[in-house]
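The next block holds one structure in the form of structure tokens; read it before the comments.
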Amino acid sequence: MAAAIDLHAYQEPILFLATAGIVVPLFHRLRISPVLGFLAAGALLGPYGLGRLIPQYPWVDWLTFTNPEGTSRLAEFGVVFLLFTIGIELSWQRLRILRRLVFGFGSLQVLLCTIAVGLFAYKVVDTITAAALIGIAFALSSTAIVLPVLAEQKRLNTTSGRATFSALLFQDLAVAPILFTIAALDARLPEATIFSFLIALGQAALALAVIVGIGRLVLRPFFQMVTATRSPELFMAACLLVVMVTSLIAAVSGLSMALGAFIAGILLSETEYRRAVDTTIQPFKGLLLGVFFVSVGMSLDVFQFLETPLTILAVATFLIAIKSVIIYWLSRPFGLNAAEAAETGLLLGPGGEFALVILGSAMAAGLVPDRIGQNLLLVTTLTMIAIPFFARVARRLSRRLEKKRATDPAAAVPPPPEEPGRVIIAGYGRVGQLVGDMLQRHKVPYLAIDMDPARVAEQRRAGRPVYFGDGSYPEFLRACGIEQARALVITLDTPSSIGAVVAAARQERADITIVSRARDDKHAAQLYEMGVDDAVPETIEASLQLSEAVLADIGVPMGLVIASIHERRDEFREILKTKNTRKPDRLEFRARRTVGK
């Protein structure tokens, strides 16, 4: 007899998947960020939305999220995976380059915003400790919402994007000491002394040293062993294991889980597996960030807002205004122009997810009054909901200021020449290596991908820009920068693999130049039909090279030989582009007839 199934155990996962299945396509069609959809779904389906109707209508329980604490624990991994993928896009070298923005701009932003907000909060709470904690909480911004919005707008690599990211990174680094301070000030915990505070800091430093030290020694050999199995499932499990272990080590040591995952991402960014890992993690990051946004929406009590709507809206507006003004003026000495400073200020002006954590911990420790804390949580949530809107406003304002600046005669300086994009080589065997050498001789930057871990490791040791991964996945090509690439060269040796990469590349970019290796004329004609710009059949190319060699050896002038070989190659290319691949015999016959003419 089958065991009874507790349907309530599956209620929230099914409800969330149903929400994601409705929200993402609907908001994508409306060209609205799905972030707003998840926030609205959390508010509607949470305990303060439909959950209020459960006493009168018990069946509504099946349509609501009834376990906010469990959802919030799962939602935390959304931020963890986000910071992990951000770390993969960085490296120690890039972090050193950004150190002025991270530790200069970021630290000053937190300090000045804390002082400004804290001074106003002191008039309400009347204690220095509570005012300082409120100021610190509101000085932080939302990493989980701002960075996906910037990525969606393709603005992460702009000047304002780098400044915003640097400030958010410093804020994430500052969360652990802030939480330590709250624990030390908690009057209910007499054991939390200055000595225990220093011990906790030492544990945190030791945890970072362990993650960095072991990561440098273990990660590359570990992934070499995993990729040797050629099992996508095992590779996915290895990626998840690395994220979970590093984040839990950081959490046990008193740091945030997100910071541990971020360090692991930076360590992996220096290996040849960074792009494959990033592609594998993306679906988990997207789903878990959706859970995070739903959990934020669940904390929004619309009825509490209706009690004092003007006060809450006024505080939210004041918070965004004062932070945006401070960040605007602070950005200018760090090299941002007016447009970039305005965009950065509006993005960092709203509150963030760590403000919810800090205010919650402060209320639990009795450092902030509950009534004031609940209203401030609502203010924080409202400002977070407004981030996608402010991102659009910031972008439009930035464009207007840029346009005004461009018409200013004093600013009429020609822009620097644009750096040429790189070429992506799919397959780095003997053919791919020759292509890479020729590109390097002509000083054309390139990035190569290959599925053989031993070959990738060998070429990496030789200093080649080769990465492990499968080019038939659009997400992986996106991670390799296909949107900015000049061309894609496919040197794989199996027709099915070549066709899969061509299809994935055309899905991502219809205008990219694709040059592909082909087995024979029939395969080349198929590739032309798929949209390849140039297909090079091995059989035809070998015969042309043989013809060139024999004509030169028997005394025909080399200039005439090269000209005739190029002419013959162009003839074959035109024939293969225009003829149907289902008639190879007629194709070959017409090719021979063309030569006779």
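We did not get these values from a lab; they are worked out from the coordinates using the rules stated. All values derive from a computational prediction rather than experimental measurement. Positions of Cβ are generated from backbone atoms using ideal geometry, with glycine treated the same way; all protein chains shown enter the neighbour counts.
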Can you give the FRET efficiency to the nearest 0.05 for GLU529 and LEU53, using r as the Cβ-Cβ distance and R₀ = 41 Å? 0.10
Taking a virtual spin label 7 Å from the Cα of LEU119 along the C-beta vector, which residues in the stretch 321-337 bring their backbone nitrogen under 18 Å of it? 321-331
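When a/c reaches 1.5 or more, the comparison of a/b and b/c decides; with that in mind, is the stretch 11-403 rounded, prolate or oblate per its Cα gyration tensor? Can you show the working numbers first?
On the way: a/c = 1.25, a/b = 1.14, b/c = 1.09.
Since a/c stays below 1.5, the shape of the stretch 11-403 is classed as rounded.
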Order 207-214, 517-524, 338-345, 551-558 from most to least packed using the mean count of other Cβ atoms within 10 Å. 338-345, 517-524, 207-214, 551-558
Enumerate the calculated ³J(HN,Hα) couplings along the stretch 423-430 in order (Karplus 6.51 cos²θ - 1.76 cosθ + 1.60, θ = phi - 60°), each rounded to whole Hz, writing x wherever the residue is Gly or Pro. 9, 9, 10, 9, x, 10, x, 5
Can you check what the net charge comes to around ILE482, using other residues whose Cβ is under 12 Å from the Cβ of ILE482 (Lys, Arg +1; Asp, Glu -1)? +2
Highest first, please rank the peptides 451-458, 433-440, 82-89 by the mean number of other Cβ atoms sitting within 10 Å of their residues. 82-89, 451-458, 433-440
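Assign unit charges at the C-beta atoms only (+1 for Lys and Arg, -1 for Asp and Glu), then state the dipole size of the stretch 11-403 relative to its Cα centre in Debye, rounded to the nearest 20. Before the final figure, lay out each step's value.
On the way: 28 positive and 21 negative charges, 300 e Å.
The dipole of the stretch 11-403 has a size of about 1440 debye.
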Around ILE312: net Lys/Arg minus Asp/Glu count, Cβ-Cβ under 15 Å: -1
Just check the stretch 423-596 against the gyration tensor rule for me: Cα atoms, a ≥ b ≥ c as the square roots of the eigenvalues, rounded for a/c under 1.5, and otherwise prolate or oblate depending on whether a/b exceeds b/c. oblate
If amide hydrogens are placed 1.01 Å from N in the peptide plane, which non-local residues have theirs closer than 5 Å to the one on PHE65? GLY46
Given the pairs LYS443/LYS522; LYS285/LYS323; LYS154/LYS323, which are separated by over 26 angstrom at their Cα positions? LYS443/LYS522; LYS285/LYS323
Find how much the distance from LEU111 to ARG230 grows on full extension, using 0.36 nm per residue of separation minus their present alpha carbon separation; answer in nm with one decimal. 37.9 nm
Would you please give the residues with an amide H less than 5 Å from that of ASP520, counting only those at least 5 places away or on a separate chain, with H modeled from the backbone geometry? GLU538
How much net charge surrounds VAL556 when only other residues with a Cβ under 15 Å from its Cβ are counted (Lys, Arg +1; Asp, Glu -1)? -2
Subtracting the Cα-Cα distance of ALA510 and TYR10 from 0.36 nm times their residue separation yields 175.8 nm
